[in-house]
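A quick write-up on the structure given underneath.
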Amino acid sequence: MTMNSLSARYLREFGPAMLGYLVVLPISIALLLMVDMPPALRAAAALLPMLFVMRAIVRHMLRQDVELQAVMIGTCGVARSVVTRRYQ
């Protein structure tokens, strides 16, 4: 696949996922504020809006060539370690 077809496919998956995220996020926030839930359900309600966006991003990463996948995974690892150290 060429880069243009990969980018077009990514945008076709990412666009609707992000629109869905924008619709579901306020509902999730309202649910978290109004209903007293156990911590596991609170975590699920907080993460649910992001699942389809994360799916589109991961699928895009898996379509890339091996070198670019390695760079992307390394970048995610560095970002994770920076965020984790910030909240310790």
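Bear in mind these aren't lab numbers, they're just calculated from the coordinates by the rules spelled out. Keep in mind the model is a prediction, meaning the values are calculated, not measured. Don't worry about glycine lacking a Cβ; one is built from the backbone with ideal geometry, like all the others, and counts go over all protein chains shown.
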Seminar exercise, completed: Note, His60: beta-carbon cut-off 15 Å, +1 each Lys/Arg, -1 each Asp/Glu, net +3
For this session: Provide, for q = 0.12, 0.13, 0.16 Å⁻¹, the log10 of I(q)/I(0) from a solvent-free Debye sum over equal Cα point scatterers in the stretch 3-86.
Result: -0.51, -0.58, -0.81
For this session: Rounded to the nearest 10 degrees, what's the angle between the helix 3-34 long axis and the longest principal axis of the chain, both from Cα atoms, 0 to 90?
Result: 10
Seminar exercise, completed: For Tyr21, the net charge from surrounding residues (Cβ-Cβ under 15 Å; K, R +1; D, E -1) works out to 0
Seminar exercise, completed: Taking Cα atoms only, helix 66-86 is inclined relative to the longest principal axis of the chain by an angle, in degrees rounded to 10, of 30
